[in-house]
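Laboratory data are not the source of any read-out in this text; all were calculated from the coordinates shown. In this text the structure is predicted, and so the values were computed from the model without any measurement. All Cβ positions, glycine included, derive from the backbone under ideal geometry; neighbour counts span all protein chains shown.
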Amino acid sequence: MPHLFKLHAAFPELRIVLEHATTRAAVEAIKQCGPTVACTITAHHLSLTVDDWAGQSWNFCKPVAKYPDDRQALRDVVKEGKSTFLLNITRKYSIHLFVGHPRFFLGSDSAPHPPHAKSTSTPNHACAAGVYTSPILLPLVAQLLESFGALQNLGLFVSGHGRKFYKIPIENQNVGTKTVTLTRAPAGSIIDGMYMSGTERLVPFWAGKEIKWEIVEE
C-alpha cells in the first residue's frame with residue numbers, strides 16, 4: 001500500500017490498477033486514492049477465506065484468500081450503494097441505489113494448472129498457485145453476487161465499471177459490443193469435475209458443486 005500511495009502522489013494522472021485485492025486494507029487504500037486508481041477483484045476471492053485453502057491445494061492461489069472480514073469488505077464494495085436525492089413540493093427524500101463502487105471491477109486471474117501441479121508438493125517444490133474459473137466465470141460471478149444481494153450489479157462489475165475506467169465507450173464498435181446472456185440453470189446442475197482436451201486434464205473451481213446460472217448459447 002505505501003508504494004501505491006507514493007506512485008499515485010507522484011503521478012496523480014497515471015491510471016493505476018491494483019490487481020486482485022484480498023483485504024479490507026486494500027479496499028480502503030483504493031478508496032483513499034483519486035479517480036485514476038482502480039482495483040480488480042476475482043470471483044474466487046469473493047468466495048474463499050483462509051480456511052478454504054489451508055490444507056486444500058485446489059483452492060490455493062496468490063494472493064491467498066484472507067479472513068472472513070476481508071472477504072466481506074470485497075463483497076461490500078461490489079454491492080456498495082449511493083443515495084439519489086429527489087425533491088417534490090412537500091419534502092425531500094432519497095432512493096438508495098446499489099450499483100457497486102465504480103473503481104472496483106472483475107479480474108478473472110484464471111489459472112489452468114494441470115492436476116498433478118495443483119495437488120502435489122514436495123520439500124523443494126510447492127504446489128501451483130491459482131484456480132481455474134474460465135469455463136464457469138460469468139455464471140459463478142452471478143451466483144456469488146446473488147448470494148450477497150448484488151446480482152443487479154453484475155453487468156457493471158464484469159464490464160461497465162472497467163470499460164468506464166479504461167475510457168472505452170460501450171458504443172465503440174471497434175472494440176466489440178457482444179452481449180452475453182445468462183439464465184437460470186436447471187435445478188441440480190453440477191460443475192464438471194474435470195475438463196479434458198486430448199490427454200490434458202483440468203479441474204475447475206467449484207468442481208462437483210451446484211451452479212445456478214448458465215450462459216445462453218446463441
Less than 27 Å apart at the alpha-carbon level, and either on another chain or at least 8 residues along: which lysines does that give for LYS178? LYS79, LYS164, LYS167, LYS212
Can you sort SER189, SER197, SER47 by how many other beta carbons sit within 10 Å, fewest first? SER197, SER189, SER47
To make sure I understand the rule: partners must be lysines, Cα under 22 Å from the Cα of LYS6, and not fewer than 8 residues away in the same chain. Which ones qualify? LYS31
I'd like to know which of GLY149, HIS44, ILE190 lies farthest towards the positive end of the charge dipole of the chain, counting +1 on Cβ of Lys and Arg and -1 on Cβ of Asp and Glu. GLY149
Using a cut-off of under 14 Å, list every residue of the stretch 140-170 whose amide N is near the label point 7 Å from the Cα of SER189 along the Cα-to-beta-carbon line. 140-144
Could you tally the net charge around ASP192, taking each other residue with its Cβ under 14 Å from the Cβ of ASP192, Lys/Arg +1 and Asp/Glu -1? 0
Spacing of the two label points (7 Å from each Cα toward its C-beta) at ALA129 and HIS116, in nm: 2.4 nm
Could you work out how far helix 68-79 tilts from the main Cα principal axis of the chain, as a 0 to 90 degree angle to the nearest 10? 50 degrees
Identify the GluC sites (Glu not before Pro) of the stretch 1-81 meeting these criteria: DSSP loop state and at most 16 other C-beta atoms within 10 Å of the C-beta. GLU13, GLU19
Kindly put LYS164, LYS6, LYS118 in sequence by how many other C-beta atoms sit within 10 Å of each C-beta, fewest to most. LYS6, LYS164, LYS118
Dipole size in debye (nearest 20) for the stretch 2-167 around its Cα centre, Lys and Arg Cβ +1, Asp and Glu Cβ -1? 600 debye
Toy charge model, Lys and Arg Cβ at +1, Asp and Glu Cβ at -1: the stretch 126-218 dipole around Cα centroid in debye, rounded to 20, equals 320 debye
Okay, helix-only estimate at 222 nm for the chain: each DSSP H run of n ≥ 4 adds -39500 (n - 2.57), divide by all residues, round to 500 deg cm²/dmol; what do you get? -6500 deg cm²/dmol
